[in-house]
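Read-outs throughout are calculated quantities, based only on the coordinates presented, and are distinct from any laboratory measurement. Computed from a predicted model, the values in this text were never measured in an experiment. Note: ideal-geometry Cβ built from the backbone for every residue, glycine included; neighbour counts use all protein chains shown.
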Amino acid sequence: MRVILFVLIVVVLVSCGDNRVFEDYKDFATKSWAVNDTASFEFAIDDAAVPYNLKCNIRSSLDYPYSRIFVNYTLEDSTHKVIASKLVSSYLFDGKTGEPKGNSGIGDIYDHSFTLDSRKMTVGKYYIKLQQFMRTDTLQGILAAGTRIEKIQQP
């Protein structure tokens, strides 16, 4: 009886609420994000009927010296034609208190997520590129940069 209840709970949890189409990270071995280090990802869209959120995921430590981060993102179609290119910023830490705004995983490591764009896309393969766009060549305390593509819930 317990096994059946456990399986039922797992099935319900897995089937609920995850609109993720794609998610991946690029880890930085030096625990810093160099200005010339592009995080590139390839993903596919198989449903053109719904809009999508394109998100940037940043994994940082408390060694990150700033409150904000600026990220330049580029979205390309399967022929590498640029569909969108935009500079986006987000606060990783509160500007006054210095408290991290992300979710804590282990110790002083925090995961942050912010929206880059929301749009409808045709069925096919896409490429997204992320570059840090700060006033320094190397951002200390950035452990990884990633992206998440998710379907937007329609009422």
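Give me the net charge of Thr147's neighbourhood, meaning all other residues with Cβ under 10 Å from the Cβ of Thr147; Lys, Arg count +1, Asp, Glu -1. Once all neighbours under 10 Å are counted, the net charge is +2.
How charged is the neighbourhood of Ser104? Take every other residue with its Cβ under 12 Å from the Cβ of Ser104, and add Lys/Arg as +1 and Asp/Glu as -1. Each step should come with its number before you reach the end.
On the way: positive: Arg59, Lys101; negative: Glu99, Asp108, Asp111.
Computed value for this residue: -1.
In a reduced charge model with +1 at each Lys and Arg Cβ and -1 at each Asp and Glu Cβ, the stretch 81-153 shows a dipole moment near 580 debye about its Cα centre. The alpha carbon centroids of the stretch 129-155 and the stretch 73-92 are separated by 11 Å.
Among the listed pairs Lys31/Lys120; Lys26/Lys120; Lys31/Lys101, which have their C-alpha atoms separated by more than 29 angstrom in this model?
Values: Lys31/Lys120 34 Å; Lys26/Lys120 25 Å; Lys31/Lys101 19 Å.
Long pairs (Cα-Cα over 29 Å): Lys31/Lys120.
Report the gain in length on full extension from Ser40 to Ile152: 0.36 nm times residue separation, minus Cα-Cα distance, nm rounded to one decimal.
Answer, rounded to one decimal: 38.0 nm.
Once the Cβ-Cβ distance of Tyr127 and Asp18 is raised to the sixth power relative to R0 = 22 Å, the FRET efficiency obtained is 0.40.
Once the Cβ-Cβ distance of Lys96 and Ser61 is raised to the sixth power relative to R0 = 30 Å, the FRET efficiency obtained is 0.90.
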